[in-house]
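Structure first, commentary second.
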Amino acid sequence: MKIKDNILHFVLGAAVVLSVGLSAILWVNPTYLQNNSKETTSSVSKSNGSGDDQTTKTKLSDIYKPTSVIYNHGGHSYVQSSVKLDVIEKVRQDTRTWKVKDAGSTKKYSEKKYQSLLRRDQMAFLTFSDEITSSEVTDLQQKTVQALRGKKFNRVAIQFNKKKPQVYLLNDADRHVTKISLSQGTFTNLRKIVAAKETKETPIDIKKLNDQYVIFYLSSVNVRQYSYLATKDSASIFVTRLMGSSNSSVNSRREDQQMIYYDNSGQRMAVSSKTGAVDYSSYSRDSTANHSLSSELKQGFSRLQDTDRQLDDVRYDEYNANNRQVTYRTYINTYPILADDNYGTYQLSLGGTGSEHIGFSLYFLQVPVPSSKESVELSPTQQVLDKLTQSGISQKKINGIRIGYQRAVNDTSKQVVDLVPTYFVLYNGSWTPYQDILNGKVS
Amino acid sequence: MNFKRIEWIFLIAFIALDIFLIGAYYNQSGVQTENNSSNTQTATSVLRSLKDDQISYPKKLSNKPNAGFYISSADDDYLLSQSGQLADNQTDYSKTDHKLTVTFDHKIKLNSLKNPQKTINKIIKDKSRILEGDEYRYDPRLSTDNEVVYTQMVYGKRVTSDQGCIRFVVANGYVTGYSQTYLQDIQILREKKATISQKRALIWLYQYNKLPANSKVKWIELGYSKLLSVNGSTVYIPAWSFLINSGNSTLYRKINAFNGAVMD
C-alpha cells in the first residue's frame with residue numbers, strides 16, 4: 001500500500017523534473033526562440049534577363065562554406081582543385097552526414113607545434129576564408145554540444161591515418177585546437193578527393209606571413225581564366241528593396257558623379273554613375289549588445305539577404321571586429337573576385353558608429369561564357385614577395401597575399417567581363433594586384 | 001478537494017506539458033527537415049491544383065536532383081570542313097544555321113518501320129556516310145514516320161536544341177538522307193552544378209502560368225539547351241524540356257534546370 005501511494009508522488013515528481021529539464025534545454029539553445037526558417041534559409045528572388053522572378057533558397061551554410069581543401073601526403077601539402085567538379089560541394093555531401101557527439105578541451109598550441117600540425121601527414125583541411133563558429137556551419141549537426149558554442153575556428157582538420165578519421169577544429173588566429181568526436185558521419189567523398197582521382201593537386205605550404213597563415217604556392221601555378229556576361233541592375237530596384245520598407249517617400253539628387261537617394265528616416269543610398277558602386281546606409285537596427293562572432297555573421301547574412309540578389313557564388317570572405325565589417329565576395333572556383341568598386345563584393349558594416357552600411361555593385365555576373373584565354377600561369381608565391389621587397393616594399397607592410405581575380409573588359413564585347421587571375425596583396429588595408437604596387441600605381 | 005486529486009490534476013497537466021516540450025524539442029532539431037516537409041506540402045498542393053485545372057502529367061515524376069555544366073560550343077563550320085569524307089553522297093551546307101544536308105548515293109531500306117533505329121544504328125557508325133555519328137542517340141520522342149531524329153549526347157545528356165541533331169528523312173520505307181547539326185569543341189565553363197528535379201521543374205512551369213488548363217504533359221526531359229550566343233559561341237545549360245498537348249496543338253516549353261526560370 002505504501003508503495004502504491006508513493007508511485008503517484010514519484011511519477012508526478014518525474015514529470016516535473018522532465019518538464020524543467022526540457023525547458024532548460026530549449027531556453028539555453030536560443031535558436032528555438034527565433035524564427036528558424038528565416039535564420040537558416042532565405043528565399044532570394046532574382047530577376048533574370050527576361051524579367052521573370054523566381055526564388056532560389058540560399059542557406060546560411062551555402063554562404064559560410066569552406067573555400068579550399070588541402071591534403072598533406074608524402075611530406076608535402078597540396079590544394080585539391082578541379083575545373084569540372086565542385087570540390088567543396090562534394091565534401092559537403094560528407095559533412096552533411098556528420099553528427100557531432102562531443103568536443104574535447106581546447107588546447108593552445110605553440111607556434112612550432114601548430115606549424116607542424118598544418119604539415120602533418122595524411123591530414124586534410126577544409127579551410128574557411130576567415131574565423132567562423134559552428135552555428136554558421138549548419139552542416140555539422142551539433143545542436144546539443146555546449147562545448148562548441150561560440151568556438152571560433154577557420155579550419156576543419158581530418159586525420160586519415162587512424163583507424164577512424166579524427167576531426168579537429170583549428171583556429172589560426174590563436175592556434176587553438178579542439179578535437180571533436182562524431183556519433184556518425186561518412187568520409188567517402190573526402191577520401192576520393194584526397195586520393196586525387198578526380199582532382200588536381202597543386203603543391204603548397206601553409207606558413208606564416210607576418211601574423212597570418214597564408215598559402216604559399218611552391219611552384220608556378222596555372223589558374224583558369226573565366227569570362228562572364230555581366231549585367232547591371234538599375235538602382236531603382238535597390239531603392240525598393242533596401243529603402244522601400246519605410247513609410248517615408250524617397251527623394252533623389254545628383255551630386256558630382258553620384259546619384260543620392262534619401263528619405264526622412266535616415267536611409268541613404270549613393271550610387272556611382274561611373275562605376276556602379278552602391279553605398280547604402282541607415283541608422284543601426286542593431287539594438288543588442290551581443291557582438292559575438294556568431295551573432296555578427298548571422299546579422300551579416302540577414303543584411304545580405306536584404307539585397308535580394310542571387311547569391312550562388314557568394315561566400316563569406318572576412319570579418320573585421322574593429323569596424324564590425326563582414327565581407328562577402330564572389331568566388332569563382334576557389335578564388336575570389338578582388339576587383340575594386342565593390343565588384344562582386346558585399347561589404348556589410350553592422351553599426352558601431354550608429355549607422356549600418358551595405359556596399360555592393362550594381363553589376364553582377366550573369367552567365368559564364370567562353371574565355372579567350374584558358375589559363376594564366378602565376379609565379380610561386382615567394383617569388384612575388386621577393387619582387388615586392390626588391391622594389392622597396394617592406395615585407396612587414398604586406399599583411400596578406402592570395403590569388404584572386406581582377407576584372408578586365410573583354411576585347412570583343414563590352415557586355416563581357418574577363419576575370420583574370422593574379423596575386424593580390426593586402427597592402428594599406430586593401431587587396432591590391434601586386435603589379436599595381438610594383439608599377440607604383442599604389443603608394 | 002483532497003490532496004490526491006490535486007496530485008492527479010498536476011500529473012496530467014505536467015504530462016501534457018512534457019509532451020508539448022518533447023514535440024518542440026524535436027521540432028527544433030528537425031527544423032531543416034521541417035522546411036523540407038513544408039516544401040513537400042507546397043509541391044503536393046501545387047500538383048493538386050494541376051489536377052483541378054485538368055492538367056495531366058507523367059505518373060512517375062522524379063524528385064531526384066541532378067547536376068550539369070554550363071558548356072559552350074563554337075558557332076563554326078566544322079561539318080563543312082569534314083564533309084569531304086562523305087564524297088560519294090550529295091552534300092549541301094548552310095552557313096546560316098551550320099546545317100549539313102546529305103542525300104545518300106544509295107537509299108537505305110528500313111528493316112522495320114516501327115523500329116527504324118535498328119537499321120539506322122548500324123549505318124550511323126559509317127564514317128563515309130555520317131560524320132561523328134557515334135555521338136548521337138536515337139530519340140523516339142522527337143521522331144515521326146517521315147523523320148527519324150537522333151540527338152547528340154553531351155556529358156551524359158541529350159542536346160535539346162536545333163544544333164546537335166541528325167534528322168533522317170524516311171520515304172516509302174527507305175532512308176534517303178539526313179540533315180545534321182553538331183556541337184563541336186565543347187568547353188566546360190564552370191564546375192558541375194546541381195539542377196532542380198523533374199517534379200520541381202513541372203511546379204515552376206505551372207507557377208509561371210505556362211501550362212494551359214485542360215492539357216496533357218506528354219514528357220519532361222533533361223537535356224542541354226541553348227541559353228545565349230556571344231562572341232561566336234553558344235552557351236548551353238541543362239534545361240527541362242516539356243511537350244504538352246493542348247487541344248489540337250502541341251506546345252514546347254523549357255525550364256532552366258539551374259534556377260527554374262522559364263526559357264524562351
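Each value in this text was obtained by applying a stated rule to the coordinates, not by laboratory testing. Predicted model only: the values in this text are computed from it and were never measured. Note that we place each Cβ from the backbone using ideal geometry, even for glycine, and neighbour counts take in every protein chain shown.
Values for this structure:
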| read-out | value |
| --- | --- |
| Positive-pole candidate from A:Ile70, A:Ile206, A:Leu148, dipole of the stretch A:61-218, charges at beta carbon | A:Leu148 |
| Under the Debye formula (equal points on every Cα, no solvent term), log10 I(q)/I(0) of the stretch A:163-265 at q = 0.14 Å⁻¹ | -0.87 |
| For the stretch A:93-115 versus the stretch B:110-175, the gap between their alpha-carbon centres in whole angstrom | 56 |
| Quotient of Cα Rg and 2.2 N^0.38 Å for the stretch B:73-187, N being how many residues it contains | 0.99 |
| Mean shadow area of the stretch A:61-218, taken as a quarter of the surface of its Cα convex hull (nm²) | 8.8 |
| Cα-Cα P(r), the protein assembly as shown, percent of pairs per 20 Å interval | 14, 41, 32, 11, 1, 0 |
| Proximal lysines to A:Lys107, defined as alpha-carbon separation beneath 28 angstrom and excluding residues fewer than eight positions away on the same chain | A:Lys65, A:Lys99, A:Lys143, A:Lys151, A:Lys152, A:Lys162, A:Lys163, A:Lys164, A:Lys179, A:Lys207, A:Lys208, A:Lys298 |
| Residue-averaged 222 nm ellipticity for chain B, from DSSP H runs of 4+ at -39500 (n - 2.57), nearest 500 | -8500 deg cm²/dmol |
| Over the stretch A:398-440, equivalent-ellipsoid semi-axes from the Cα gyration tensor in Å | 24, 10, 8 |
| Taking chain B and dividing mean pair separation by its residue count, relative contact order in percent (alpha carbons under 8 Å, at least six apart) | 21 |
| Rel. contact order, % - alpha carbon contacts under 8 angstrom, at least six apart, chain A | 15 |
| Cα-based helix-to-principal-axis angle, B:198-207 vs chain B, degrees rounded to 10 | 80 |
| Selection from B:Gln180, B:Asn115, B:Ile22, by position along the positive dipole direction of chain B (Cβ) | B:Ile22 |
| Student exercise, chain A dipole from Lys, Arg, Asp, Glu Cβ charges, in Debye to nearest 20 | 1720 |
